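What follows is a short report on a single structure.
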Amino acid sequence: MSRVEPPVRFPGAGRSFDYSRRVRLGDVTPKGRLRLDATARYLQDIANDDAVDGRYSDVHGWVVRKTEMWIYGFPTYMTDVTLTTWCGGLGSHWAERRTTIATEEGPQIEAAAVWVRVDLKTLKPLPLPEDFLPMVSEAAAGRKVKASLTIGRGLDPIDSARLVDWPLRFVDMDAVGHMNNANYWIAAEEYLAAHREVRAPMHVTVEHHLPIEPHHHVGLLTEESSDRVIIRHVINGQDVAAVTQIVKIN
């Protein structure tokens, strides 16, 4: 049975950043609920806005290693939401960003994303900036986080005969030249669209192993069990680019 740890709450002290936005037409499903890929874009936007507001010495040199969402309910079209973000923990070359998405009814989605600081030319990890630590350490409250990828461990070898083509589009790519992190969540959305019985509350994780580039041929491998769904983005029939896990929260 897949065990879901509860999200870490803001400790009530230290730096946090928040802003409000309205759920718009391009963010929702035909039924009007906020989509997962749109939620991931919200998380990217507030991460960037927080870094700019905090005047971090390295605003752009970060890549997402993994993102988790605890989804208790989905905000809907034209609903106003407030996003609050803070540092939930630190590693040597990475930091965890926690974000709460709330409506007037309270928190609907909690998220945790591990961002690794990298050299944008080589994509090799770099130590955290010295001026970054004083700004976030109080909110991190001494919590240490790992950047290891875990949900892909122990999965069966890739059965290429079961891969379903996942055509890449020009609009999937971002300014770095790779598929944008938010677009990996579209695969989970497509699964939810085909399986109406899978609904909130749920816990969804995307772990990134390799970047997807415009010239890649990508297929999806979906595996279902009694307690979870695993979706793998596979490059050229053999290399795993990302692993998505969907778990129902009881």
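Since every read-out is calculated from the coordinates, none of them should be taken as a lab result. Given the structure is predicted, the values throughout are model-derived calculations rather than measurements. As a convention, Cβ positions derive from the backbone with ideal geometry for all residues, glycine included, and neighbour counts pool all protein chains shown.
Below is a table of values for the structure above.
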| read-out | value |
| --- | --- |
| Length added when fully stretched, E5-A175, from 0.36 nm per residue minus Cα-Cα | 57.8 nm |
| Among L120, P107, V81 the positive-end extreme of the charge dipole of the stretch 16-140 (Cβ point charges) | L120 |
| Debye, to nearest 20: dipole size of the stretch 16-140, +1 on Lys, Arg Cβ, -1 on Asp, Glu Cβ | 560 |
| For the stretch 90-123 and the stretch 201-250, distance of Cα centres in Å | 19 |
| Mean separation of Cα contacts under 8 Å, 6 or more apart, over the residue count of the stretch 102-232: relative contact order % | 22 |
| Positive-end extreme of charge dipole, the stretch 16-140 - chosen from H60, S92, A140 (charges on Cβ) | H60 |
| Residue among G14, S160, A47 farthest towards the positive dipole end of the chain, charges placed on Cβ | G14 |
| Charge dipole magnitude, Cβ of K and R +1, D and E -1 - the chain, Cα centre, debye nearest 20 | 280 |
| Value of relative contact order over the chain, rounded to a whole percent, pairs C-alpha under 8 Å and six or more apart | 21 |
| Cα→Cβ-extended label distance, 7 Å offset, between K146 and D45, nm | 3.5 |
| Quotient of C-alpha Rg and 2.2 N^0.38 Å, computed over the stretch 1-116 | 1.07 |
| Electrostatic dipole magnitude of the stretch 160-248 [Cβ: Lys, Arg +1; Asp, Glu -1; Cα centre; debye, to 20] | 200 |
| Choice from W70, W185, W166 with maximal GNM fluctuation in the chain (Cα, 10 Å cutoff) | W166 |
| Ellipticity estimate at 222 nm from DSSP helix runs (n ≥ 4, -39,500 (n - 2.57)) divided over the chain, nearest 500 | -4500 deg cm²/dmol |
